[in-house]
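The values are calculated or read from the model by the stated rules, or taken from the named source; none is laboratory data. Just so you know, these numbers come straight off a predicted model, no measurement behind them. Positions of Cβ are backbone-derived with ideal geometry, glycine not excepted, and every protein chain shown enters the neighbour counts. Protein only, heavy atoms only, side chains kept; ligands, DNA and RNA dropped before computing areas. Shrake-Rupley method; radii C 1.70, N 1.55, O 1.52, S 1.80 Å.
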Amino acid sequence: MSKIAVVYYSGYGHTKVIAETFAAEIDATLIEIDQEGNIQDQDWDTLDAADAIVFGAPTYMANAPWQFKKFADTSSKRWFTRAWTDKIFGGFTNSASLNGDKQVTLISLQTLASQHGGIWVSLGLLPANTKDATRQDVNNLGGSVGLLVQSPSDASVEEIPSGDLETAKAYAKRIQAITDKFIA
C-alpha cells in the first residue's frame, strides 16, 4: 500500500480536524506545521519517502497563512534537487465563509505541487447543487480542484459540517486509490 503524508497548518483547530479526518480514513501520516511555520527535521524525511503529499491550510485573506508559506518556501530545497518530482499531490482548505476565496488557496497549493513536478489529484466529486442540498451532503460547497471546508467563525472544532467531513473522507479514498494505481 502507498505511503501518504498530510502536511498542514491549523490556526484555530478546524483545519487540524480536517487533516485528522482525512488521515484516519486512509492511515496517512500527519505532519503539523507549528505556529512558527516549521516542521521537524524527520518530517522532511517522511515527506521525501511518501508516495503522495497532501497540503492543508486555512484560507486567511484569500490565501494560505504565512506559516504555510514559510513551509512552502523551505520546501525549495526539495524543489532544487527535484526530490518530489512525480509524487501525487492533493490539497484542502478551510475558511469561515461559504466562499471566502478558498479557490485561490487551492490554486496556490496546486501551483506549489506543480512547481515540485507533482501530479495533482482533483476532488472528483459532483457538487450537491440542488434545492434540496444541505450542509450534510458530500461536496455541498461544489469544489473541484480540491477539498473545500467551511467552518463558521463562531463554530467550535466539533461543529464542522458533517458533509465537509464526509467529503474529506471521500477525497482521502480517491487520493489513496490513485496513488495505489500510480505506484503499482
Item to check | Portion, in percent, of the accessible area of the chain that falls on carbon or sulfur, probe 1.4 Å | outcome: 52
Checklist entry - On the first, second and third principal axes, largest extent first, how far apart are the outermost C-alpha atoms of the chain in Å? => result 49, 37, 25
Next on the checklist: Suppose R0 equals 30 Å. What FRET efficiency, 1/(1 + (r/R0)^6) with r the Cβ-Cβ distance, do Trp79 and Leu125 give to the nearest 0.05?
Outcome noted: 0.50
Item to check | Average accessible area per residue (Å²) across the chain - probe 1.4 Å, nucleic acids and ligands excluded | outcome: 48
Item to check | the chain - mean residue ellipticity at 222 nm from DSSP helices (-39,500 (n - 2.57) per run, n ≥ 4, rounded to 500) | outcome: -12500 deg cm²/dmol
Next on the checklist: What is the distance in Å between the Cα centroid of region 50-72 and that of region 168-184?
Outcome noted: 20
Checklist outcome for this item: Computed over the chain: longest principal axis from alpha-carbon atoms vs helix 14-26 long axis, angle to nearest 10 degrees, is 70
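Multiply the residue gap between Thr134 and Ser97 by 0.36 nm, knock off their C-alpha separation, and tell me the result in nm, one decimal place.
Numbers: separation 37, 0.36 × 37 = 13.32 nm, distance 1.56 nm.
Contour length minus Cα-Cα distance gives 11.8 nm.
Around Gly146, with a cut-off of 11 angstrom between Cβ atoms, what is the net charge of the other residues, counting Lys and Arg +1 and Asp and Glu -1?
Numbers: positive: Lys102, Arg174; negative: none.
Net of charged neighbours comes to +2.
Would you mind putting 111-124, 138-151 in packing order, based on average other-beta-carbon counts within 10 Å, highest first? It would help to have the intermediate numbers written out before the result.
Numbers: 111-124: 17.8, 138-151: 22.2.
Packing order, densest peptide first, comes out as 138-151, 111-124.
Largest first, how would Ile178, Ile88 line up by accessible area (1.4 Å probe)? Show your work: numbers first, answer last.
On the way: Ile178 55, Ile88 0 Å².
Putting Ile178, Ile88 in descending order of accessible area: Ile178, Ile88.
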Item to check | Global form of region 17-80, assessed from the alpha-carbon gyration tensor, a/c cut-off 1.5 | outcome: oblate
Checklist entry - For the peptides 30-43, 54-67, what is the packing order when you average, over each peptide's residues, the other Cβ atoms within 10 Å and list the highest mean first? => result 54-67, 30-43
Checklist outcome for this item: Expressed in square angstrom to the nearest 10, the accessible area of Arg135 with a 1.4 Å probe stands at 60
Checklist entry - Quick one: what does P(r) look like for region 65-168 with 5 Å bins over all Cα pairs, in whole %? => result 2, 12, 20, 21, 17, 12, 9, 5, 2, 0
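Taking Cα pairs under 8 Å and at least six residues apart, what relative contact order does the chain come out at, in percent? Walk me through the intermediate numbers first.
Details: 353 pairs, mean separation 42.7, N = 184.
It comes to 23 percent, rounded to a whole number.
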Checklist entry - So what's the angle, to the nearest 10 degrees on a 0 to 90 scale, between helix 162-183 and the longest Cα principal axis of the chain? => result 30
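May I ask you to compute the full-extension gain from Ser162 to Ser114, defined as 0.36 nm times their residue separation minus their alpha-carbon distance, rounded to one decimal in nm? Provide the component values of the computation, followed by the final result.
Numbers: separation 48, 0.36 × 48 = 17.28 nm, distance 3.07 nm.
Gain in length upon complete extension: 14.2 nm.
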